[in-house]
1. Restricting to the range 232-262, and then to whatever is hydroxyl-bearing (Ser, Thr, Tyr) and part of a helix (DSSP H, G or I), can you tell me which residue is farthest from GLN196 (Cα to Cα)?
2. Is at least one residue of the range 128-150 over 24 Å from ASP255 (Cβ atoms) and assigned to a strand (DSSP E or B)?
3. Cβ-Cβ below 6 Å, separation at least six or inter-chain, first residue in the range 246-261 and on the phi < 0 side of the Ramachandran plot, second of a type in the set (D, E, K, R) and assigned to a strand (DSSP E or B): which pairs?
4. Of (1) out of contact with any strand residue (DSSP E or B) (no Cβ under 6 Å at 6 or more places or on another chain); (2) modelled with pLDDT of 90 or more, THR181 satisfies all except one. Which?
5. Could you tell me which residue of the range 74-124 is nearest to PHE221 (Cα to Cα), considering only residues that are polar (S, T, N, Q) and surrounded by 18 or more Cβ atoms within 10 Å (Cβ to Cβ)?
6. Which one of these does PRO210 not meet: (1) over 26 Å from TRP269 (Cα atoms); (2) within 19 Å of the chain's Cα centre (by Cα); (3) crowded, with 20+ Cβ neighbours inside 10 Å; (4) not basic (Lys, Arg)?
7. Just a yes or no: is a residue in the range 189-211 at pLDDT below 95 and touching a strand residue (DSSP E or B) at 6+ places or on another chain (Cβ under 8 Å)?
8. Kindly list, by first and then second residue, each pair from a residue in the range 281-293 that is over 15 Å from THR233 (Cα atoms) to a residue that is among the polar types (S, T, N, Q) and crowded, with 20+ Cβ neighbours inside 10 Å, limited to pairs with Cβ atoms under 8 Å and residues at least 6 apart or on different chains.
Amino acid sequence: MGMPVPSNSPRMCTVIIESLPPPAKLYGRALQGIFKRADGVVELPPLRLVRPSVALDPEQIGRYARVCGFIPEQGVPVTFPHVMAFPLHLMLLTDPAFPWPAMGLVHVSNSVRLRRTLYSGQALRIEVESGALVAHDKGQAFTLHTRIYRGGEAVWDADSVYLKRGVPGHRHASAPQADSTAPALIREARWQLPAQLGRDYAKASGDFNPIHLHALAAKTFGFPRAIAHGMWTFGRTLAALQPSKQLGAADVQGDFKSPIFLPAETTVWTAALSATGRDFEVRDLAGERLHLRGRFEWELP
């Protein structure tokens, strides 16, 4: 499946992944590690997982775009590379050296930087590695870095912050704080989310975490019903805010605040920062419970 190669970092071990294991095997590893326990001060495994050449597949892009609401004129969705990197995330989270079970981790935030326009059919190099431990008042948070290159040029990167609840936090950075000077948001849209949304997004993204698929599976992990994928909510919001054009560059930040139980009705609230920037929130139907908060700034080619 892969072989270690020397890394530029004195502590990071780079592993080249020539072919991905099937999703069933990855989730089998996740379920086998469900009772994993870490004692004392933890360290994340110094691993960098690399897929050296992955094509931006137009069929997969189309499936993802349709379920998230992107239109063809918007080009490759700004969040689609996360889907390409997700198997490497899961491989890292299920590595024997990783201190906590992958199941039960909470995705608390995601930041994305698009550096160059992406086009279907292009070959990309995808790198995922463990990052800093992050201070959090509900446990220990940590970062996974994703870096994507095209012909040696950095074109897309993201930081995903996950939380392990109920364990002592140790260090290092603090989570970013919301901008208290942001303009007031106004309600822009209302969405109806069907019960099968989690299954539809799983087929398009490869994220088959059982908490998103069926109520019975979600109850096993303490949820009353299946919950929408946070990355679906993120992608759907950006699809609604992006102009009907491809982007030349973008910076996006999203903080996941509370789960959306399916089926559901949600509302979208926005405020203009500029002609090419928006603050946004996704709330419940009443506009009282916050599910997602973020900021989207973009440049056109």
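The values are calculated or read from the model by the stated rules, or taken from the named source; none is laboratory data. Since this is a predicted model, take the numbers as computed values, not measurements. Cβ coordinates were reconstructed from backbone atoms using ideal geometry, including for glycine residues, and neighbour counts include every protein chain displayed.
1. Applying the filter and picking the extreme gives THR237.
2. yes
3. Sorted first by the residue in the range 246-261, then by its partner, the pairs are GLY248/GLU299; ALA249/GLU299; ASP251/ARG113; ASP251/GLU297; GLN253/ARG295; ASP255/ARG293.
4. The number of the failed condition is (2).
5. The residue in question is THR94.
6. So PRO210 meets the others, but not (3).
7. Within the range 189-211, one or more residues are at pLDDT below 95 and touching a strand residue (DSSP E or B) at 6+ places or on another chain (Cβ under 8 Å).
8. none
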